[in-house]
Amino acid sequence: MNRILLFFVLIAIVACEENVRKAENPITLEFEFSYDTVTINSGEHLFNLGHGIPKVKLSQDEQYLYFFDDYNLALDKIDLEKKEFVLTIPFEKEGPKGIGATFDYIPEENGNIQLLTPKRLFSIDEKGVLNSNFPSYHSIFEMGFESRFFEGARISPDSQFLFGLTTSTNGNQSLAWVNLKDTVFHVSPLDSMAYRKSLEIDLGRLTISGMQEAEYFDHHILVYHDDGIDFYALDLNSKSLEFHDFEPTKVPKRKDGKYPKSGSTADLTKILEMEGLEINYSRIVYDSSYKRYYRIASKKRENQVRAGIPNQFLLVFSDDFKLIHEEDLSNLPFSITTYFVREGKFWVFNKETEELEFFVFDFNFN
C-alpha cells in the first residue's frame, strides 16, 4: 500500500505521443469449435440473475469467478473447478466501506477484495471486515474537472496502475492513467474516435451515446466502444498509444448512423429501435493462454422478435493487434452477451435459464 500513499504525495501530468495505424484487412484461418454446458451448483444460495452477472472477474489463478449481486449489494464467489457456489462477500453503500454508485475491485490471492471508489481505496476480507482504508484521488488531490476520471477509475489486477476515461464537457474524452510506482499522471487524447460524436442522439436536455470502456490486459490498456471495431492500445512499457482500425469482411466496421439523431424523449423508444438494427460491438476479452483477443459483434435480424437471437460474429485479434479471423456464430441456439476467457476457453453466460450456467467453447485454429 506504500505506493498508493506515495501517489497522493506527488503527481504530474504528462502527455504521451499517439501513433495512428491504418485499417488492416483480416487474415482468414481455418477454424473449428465445440462447446459444453457447465451448470454451477448453488446449494442453498439463491443467485440473483435478473441483471445477469455484472462486473464479472476471475481470480488471478482463474479458479474463482466473482460477480456483483446488485440486488443484495454483494459479490458472489464461484469455484469454477468444482462448479459450485463458495460464498457471498457483503458490501455497504455508504461509510468507510461504502462502494457508492461507482467502484472497481480486485480479487487478491489471499481471498481479500481490494475496492477502488472515487472517495477511497480499501480492502475487505471475505466476511466484509475492513482491513485497510486510504483516501482516494478525488478527495486528496485537487484535479481539474477535465482531468477527473469519468465514472471513477479502474485499478489493474497487479495494483500497479489506476486508469480510466476522463470527464469531458465537449464530447471528447481522453485516457488517463497513473503508474503508482513513479506517481506520474498521464493524459492522452482519443482523437481518432471523435467520429462517434456524429452518432449521438440529442434529445434536448439529454444526449445519448454508445458505451466506451478502458480495460487492462497483459500490461496494455485498451480503449474501445460499441459503435465500431476500432480501438486504442496503450503499451504501458513504452507509454506508446496506437489506434487500430480494421476492414472486416463479414460485418460493418462501424454503425451507419441511419437513425434520427435528434428528437424528444417521446421519440426515444422508436429511435433506439432503429439504432438497435445497426452493428453493435461488445467488450474485448483476452486469452492469456493463447495470446489472443476475442470480441463479439452482433446485428439484429430483420423482424427479429424480442429476446431473439441476432446475427452474431466472433472477431479474433492477435497479440500484436491484427484481425486474424471472423467467424459467423449466428446459427447458435443462444445469443452471446456476457463472456470471458478462462484457461484458453471462451465462457458464455446463459441468460435464458434461472440457474447460473455457462456455455464453454473450445476454439481450434489451423
Subject >> Scan of the stretch 328-337 for residues that are in contact (Cβ under 8 Å) with a residue 60 or more places away in the chain and open to solvent by less than 40 Å² (accessible area, probe 1.4 Å), ordered by number >> reply: none
Original post:
Does the stretch 74-87 contain any residue that is of a type in the set (A, V, I, L, M) and outside any strand (DSSP E or B)?
Top reply: yes
Subject >> Checking Glu215 against (1) assigned to a loop (DSSP other than H, G, I, E, B); (2) open to solvent by less than 30 Å² (accessible area, probe 1.4 Å), the condition it does not meet >> reply: (1)
**OP:** Would you point out the residue of the stretch 51-99, among those that are open to solvent by 70 Å² or more (accessible area, probe 1.4 Å) and basic (Lys, Arg), that is nearest to Phe340 (Cα to Cα)?
**Re:** Lys55
**OP:** Give just the number: which of (1) open to solvent by less than 10 Å² (accessible area, probe 1.4 Å); (2) in contact with a Gly (Cβ under 6 Å, 6 or more places away or on another chain) does Asp226 not satisfy?
**Re:** (1)
Subject >> Residue that is in a loop (DSSP other than H, G, I, E, B) and touching a strand residue (DSSP E or B) at 6+ places or on another chain (Cβ under 7 Å), where the choices are Ser192, Ser238, Ser188, Ser159 >> reply: Ser159
Subject >> Unique match (being of a type in the set (A, V, I, L, M, F, W, C) and free of Cβ contacts under 8 Å to residues at least 24 places away in the same chain) among Phe31, Phe91, Phe103, Phe68 >> reply: Phe68
Original post:
What number of residues in the stretch 350-366 are open to solvent by 10 Å² or more (accessible area, probe 1.4 Å) and outside any loop (DSSP other than H, G, I, E, B)?
Top reply: 7
**OP:** Would you mind finding the one in Asn25, Asn19, Asn41, Asn48 that is at pLDDT 50 or above, within 30 Å of Glu327 (Cα to Cα) and either open to solvent by 50 Å² or more (accessible area, probe 1.4 Å) or in contact with a strand residue (DSSP E or B) (Cβ under 6 Å, 6 or more places away or on another chain) (or both)?
**Re:** Asn25
Subject >> Selection within the stretch 100-112 - surrounded by 21 or more Cβ atoms within 10 Å (Cβ to Cβ) and either out of contact with any Ser or Thr (no Cβ under 9 Å at 6 or more places or on another chain) or among the β-branched types (Val, Ile, Thr) (or both) >> reply: Tyr105
Original post:
of a type in the set (Phe, Trp, Tyr) and closer than 30 Å to Asp287 by Cβ - does that describe any residue in the stretch 251-274?
Top reply: no
Subject >> Single residue of the stretch 237-273 satisfying the filter (over 20 Å from Arg295 (Cα atoms) and under 25 Å from the mean Cα position of the chain (by Cα)) that is most open to solvent (accessible area, probe 1.4 Å) >> reply: Asn237
Original post:
In this structure, is Ala297 without any contact (Cβ under 8 Å) to a residue 24 or more places away in the chain and small (Gly, Ala, Ser)?
Top reply: no
**OP:** Within the stretch 304-326, track down each residue that is more than 20 Å from Leu277 (Cα to Cα) and open to solvent by 30 Å² or more (accessible area, probe 1.4 Å).
**Re:** Asp319, Asp320, Lys322
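The values are calculated or read from the model by the stated rules, or taken from the named source; none is laboratory data. Keep in mind that this is a model prediction, so the values were computed, not measured. Note that we place each Cβ from the backbone using ideal geometry, even for glycine, and neighbour counts take in every protein chain shown. Please note that ligands, DNA and RNA were not included when accessible areas were found on the heavy atoms of the full protein model with its side chains. Shrake-Rupley method; radii C 1.70, N 1.55, O 1.52, S 1.80 Å.
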